[in-house]
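Q: One structure, as structure tokens, below. Some questions next.
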Amino acid sequence: MHAQSQPLATSAAEMGSTSAVATAAPAAMRCEIDVTVTHEIEDVEAVWRTLSTQSIESPGQSYDFIRLWVRNRRLAPESQRYVVGKVDGQPVALLPLHRKRVQGVAVFTWFPGANVGCYAPVADYERLASLGAPGRAALWKAMTAALKGADLLYLRSIPVEAGGHAGLFDELGSTLAVETLYRAQFSSWEECDREQRSKSRRKHDRQQGDRLAALGEVAFEEVTGEAARREAIDVMFRQRSARFHAQGIRDIFVYDKLIGFYQDAALPGSGIDVRVHALRLNGDIVAVRYNVVHGDRMFCLISSMSDDPHIQSGSPGKQCLLRVMQTVFDSGFTVFDMGSGFTDEKRHWCNVQMPLRQHYIGLNSRGAAIAHVHRGLQKARARAKANPTIKTALRTLRQLVDKLRGRQSAGSDQL
């Protein structure tokens with residue numbers, strides 16, 4: 001596609017399923033862009049599964065994961081939008097969107113919110129790359145022009161690289177980089193061990209393991225069997241709740257009623273390949289990892305460990321993760337995705353750090369103004385998080401406000 005394209009013409013009204021036809025006409029060639037919008041996820045199953053045949057960037061791009069989410073949250077059809085963009089008759093991209101109200105603002109955004117580390121349009125990345133910047137700009141413009149019923153399109157946590165291509169989403173609205181995605185990417189456990197664990201790190205891990213073993217019998221397993229997995233997941237959420245309470249943080253899994261979703265995802269027939277790893281001490285579960293598998297990638301969504309001070313010297317969480325890493329890369333996986341947000345364990349294990357960006361498109365003048373304000377707030381928040389003094393002060397203030405309100409830490413549905 002030539003570097004310049006003529007203005008794009010679109011027309012679409014939203015109903016249950018509609019089409020918009022757009023034509024990008026650069027000097028070298030013309031391509032026809034068709035856009036279809038539907039409220040029913042089943043309408044796009046075939047396209048979705050075809051586009052996600054290769055590796056996905058997160059469970060947020062999984063048809064089965066989002067289908068279960070929609071059913072579990074009992075989302076009405078009018079709250080759902082599935083926008084398919086075709087180029088010359090071939091599906092190239094899909095935007096699965098949740099229409100919701102956030103602090104009085106009507107927004108199109110991803111379905112699971114902060115529950116998944118990153119998101120991106122479901123797409124044929126090779127075809128998307130071949131369109132070039134003008135072609136992608138035309139495609140995104142046609143797809144977003146077909147959206148009606150909200151002020152703003154807000155797409156959080158999109159990686160700057162997808163499918164081995166950088167910049168595929170550069171033309172999708174205005175962007176702001178505020179987060180980082182952390183991954184361990186290795187061909188084998190031997191490579192991972194060699195690259196990520198120094199001699200002193202191995203010694204430290206061994207000392208912690210010895211301290212844990214001194215307390216009793218230590219066993220690690222991938223939990224199988226429906227009843228055993230349900231028990232392990234229940235323990236995981238109890239451990240998470242205890243940790244949230246100790247930190248004064250709102251327990252999103254309890255308050256947002258998400259435990260049932262993650263239990264259902266682990267059931268046979270969900271279509272989601274859930275792997276639950278557990279570390280036991282004297283038969284009791286002391287650490288858990290809840291993962292979702294797609295192809296040769298494993299995504300860790302939730303982790304927990306016991307808050308029993310008697311066993312903290314043995315670092316059950318770190319010991320569990322050490323065994324998970326061995327298991328993952330010994331089993332042929334090439335990527336272990338640990339999500340966004342910096343932690344000590346990510347520093348130890350992750351050799352890939354990928355910037356994530358928030359993407360904004362104002363669908364009207366009000367939405368454009370809101371996007372401008374929100375980007376400013378996000379910048380201020382990022383600066384505050386990078387400053388320990390300001391971060392501590394804000395957390396103290398938030399906890400004080402929450403106490404006055406008579407509840408735990410604030411956790412309203414935010415953009």
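Q: Let me check something: with ligands and nucleic acids excluded, how do VAL335, VAL160 order by accessible area (1.4 Å probe), largest to smallest?
A: From most accessible down to least: VAL160, VAL335.
Q: Right, another one. For the stretch 33-179, what is the accessible area per residue in Å² when the probe is 1.4 Å?
A: Roughly 33 Å² per residue, with all protein chains present.
Q: Let me ask something additional. If amide hydrogens are placed 1.01 Å from N in the peptide plane, which non-local residues have theirs closer than 5 Å to the one on PHE111?
A: For PHE111, whose amide H was placed from the backbone, the distant partners under 5 Å are HIS98.
Q: Same structure again: Measuring with a 1.4 Å probe in the full set of protein chains, what accessible area per residue, in whole Å², belongs to the stretch 187-333?
A: Averaged over the residues of the stretch 187-333, the accessible area is 47 Å².
Q: Measuring from the lowest to the highest alpha carbon on each principal axis, how far does the chain reach, largest first, in angstroms?
A: Computed over the Cα atoms, the extents are 72, 52, 40 Å.
Q: At a 1.4 Å probe radius, carbon and sulfur cover how many percent of the accessible area of the chain?
A: Roughly 50 percent of what the probe reaches on the chain is carbon or sulfur.
Q: Could I have the simple spin-label model distance between SER130 and ASP330, label points 7 Å from Cα toward Cβ, reported in nm to one decimal?
A: 4.2
Q: So, one more: Using θ = phi - 60° and the Karplus relation 6.51 cos²θ - 1.76 cosθ + 1.60, list the HN-Hα couplings for the stretch 113-128 in order, rounded to whole Hz, with x at every Gly or Pro.
A: Values, residue by residue: x, 7, 6, 10, x, 8, 9, 5, x, 6, 8, 7, 5, 5, 5, 4 Hz.
Q: Compute, for ASP284, the solvent-accessible surface of its heavy atoms (probe 1.4 Å) with the complete set of protein chains present, and express it in square angstrom to the nearest 10.
A: Looks like 100 Å² after rounding.
Q: Helix 365-386: angle to the longest alpha-carbon principal axis of the chain, degrees 0 to 90, nearest 10?
A: Roughly 30 degrees between the two axes.
Q: From the cross-link list LYS257/LYS379; LYS346/LYS379; LYS141/LYS379; LYS199/LYS318, which pairs have alpha carbons spaced over 20 Å apart?
A: As for pairs spanning more than 20 Å Cα to Cα, those are LYS257/LYS379; LYS346/LYS379; LYS141/LYS379.
Q: Give a residue-ordered list of calculated ³J(HN,Hα) values for the stretch 251-257 (Karplus: 6.51 cos²θ - 1.76 cosθ + 1.60, θ = phi - 60°; whole Hz; x for Gly, Pro).
A: 7, 5, 5, 7, 5, 8, 6
Q: If each DSSP helix of 4+ residues adds -39,500 (n - 2.57) and the sum is divided by the residues in the chain, what number results at 222 nm, nearest 500 deg cm²/dmol?
A: Calculated from helices alone, the mean residue ellipticity at 222 nm is -12000 deg cm²/dmol.
Q: ARG30 accessible area, nearest 10 Å², 1.4 Å probe?
A: Around 150 Å² of this residue is reachable by solvent.
Q: What is the set of long-range amide H partners of VAL122 at a cut-off below 5 Å, with H atoms built 1.01 Å from backbone N?
A: It is LEU94, by chain and number.
Q: Would you rank HIS277, HIS310, HIS165 by solvent-accessible area, highest first, keeping every protein chain in place and using a 1.4 Å probe? Kindly include the intermediate steps, with their values, before the conclusion.
A: Values: HIS277 0, HIS310 125, HIS165 45 Å².
Largest accessible area first, the list is HIS310, HIS165, HIS277.
Q: Something else now. Which far-off residues, 5 or more places away or on another chain, put their amide H under 5 Å from the one on LEU181, with H placed in the peptide plane?
A: MET354, LEU356
The values are calculated or read from the model by the stated rules, or taken from the named source; none is laboratory data. These numbers were taken from a predicted model, which means no experiment stands behind them. Quick reminder, even Gly has a Cβ in these numbers, built from the backbone with ideal geometry, and neighbours come from all protein chains shown. The protein model used for the area step is the full one, side chains on, heavy atoms only, and it has no ligands, DNA or RNA in it. Shrake-Rupley method; radii C 1.70, N 1.55, O 1.52, S 1.80 Å.
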